[in-house]
Amino acid sequence: MPEVVTHCPHKVETMSGLLDNCRLPECECIQIGERRNLIASIVAGTLFFSGWWIAIDAAVIYPDQKDMHHAVHTCGVIGTLAFFLINSVSNGQIRGDSYSTGCIGQTGARVWLFIGFLLGFGALIAASWILFGIYVVPEKQPEYAGIAIFLQNALIFFSAIVFKFGRTEDLWQ
């Protein structure tokens with residue numbers, strides 16, 4: 001039963017414990033448990049593959065330099081490098097739980113991760129500049145080339161995030 005507040009002239013029921021007894025139905029199909037690393041790896045791999053597939057598709061459709069300059073693929077390469085930098089250090093190394101040796105220890109792992117995120121965000125920002133600065137604002141056709149480069153880098157960045165934070169290290173032991 002809800003609590004009744006008596007110090008007010010009107011009876012007011014508080015709702016502080018209203019949702020305490022409400023439970024969502026448990027479905028065994030969404031409890032991933034020990035399959036978390038497998039699912040995160042599959043999702044991240046699919047995102048990464050899709051990003052490169054879209055960029056390769058755009059390069060095949062527009063092979064001419066005037067439609068899509070080949071230098072725009074540099075963003076995808078930097079995004080891929082960022083993917084590897086972000087995921088080459090474990091969360092235990094960042095927290096300092098499992099990494100105490102080496103040149104600079106925990107600080108080096110954090111700097112490494114920071115550089116990886118800088119490169120990932122930089123590639124995403126450069127891809128958005130390519131999309132808007134080269135294709136959208138000057139109304140240059142085809143716009144699909146700019147959209148493909150932006151989608152490539154967005155999907156690579158999201159795959160790095162899913163692969164880094166979607167897995168758990170507790171299942172490694």
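The values are calculated or read from the model by the stated rules, or taken from the named source; none is laboratory data. In this text the structure is predicted, and so the values were computed from the model without any measurement. Cβ atoms come from the backbone with ideal geometry, glycine included; neighbour counts cover every protein chain shown.
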### Message
Anything in the stretch 127-136 that is crowded, with 20+ Cβ neighbours inside 10 Å and hydrophobic (A, V, I, L, M, F, W, C)? List them, or say none.
### Response
A127, I130, L131
### Task
All but one of (1) assigned to a helix (DSSP H, G or I); (2) out of contact with any Lys or Arg (no Cβ under 9 Å at 6 or more places or on another chain); (3) under 30 Å from V60 (Cβ atoms) hold for I86, so report the exception by its number.
(2)
## Note on the structure
Flagged pairs (Cβ under 7 angstrom, 6 or more apart or on separate chains; first in the stretch 121-142, without any contact (Cβ under 8 Å) to a residue 12 or more places away in the chain; second surrounded by fewer than 13 Cβ atoms within 10 Å (Cβ to Cβ)) are none
### Query
Hey, among the residues in the stretch 137-173 that are over 30 Å from D97 (Cβ atoms) and of a type in the set (G, A, S), which one's surrounded by the fewest Cβ atoms within 10 Å (Cβ to Cβ)?
A154
### Query
Is it fair to say G51 is modelled with pLDDT of 95 or more, surrounded by 11 or more Cβ atoms within 10 Å (Cβ to Cβ), part of a helix (DSSP H, G or I) and under 27 Å from the mean Cα position of the chain (by Cα)?
yes
### Query
Filter the stretch 105-154 for residues that are of a type in the set (D, E, K, R) and within 26 Å of Q65 (Cα to Cα); which is nearest to the chain's Cα centre (by Cα)?
E143
### Task
Have a look at D57, D20, D64 and point out the one that is charged (D, E, K, R), part of a loop (DSSP other than H, G, I, E, B) and at pLDDT 65 or above.
D64
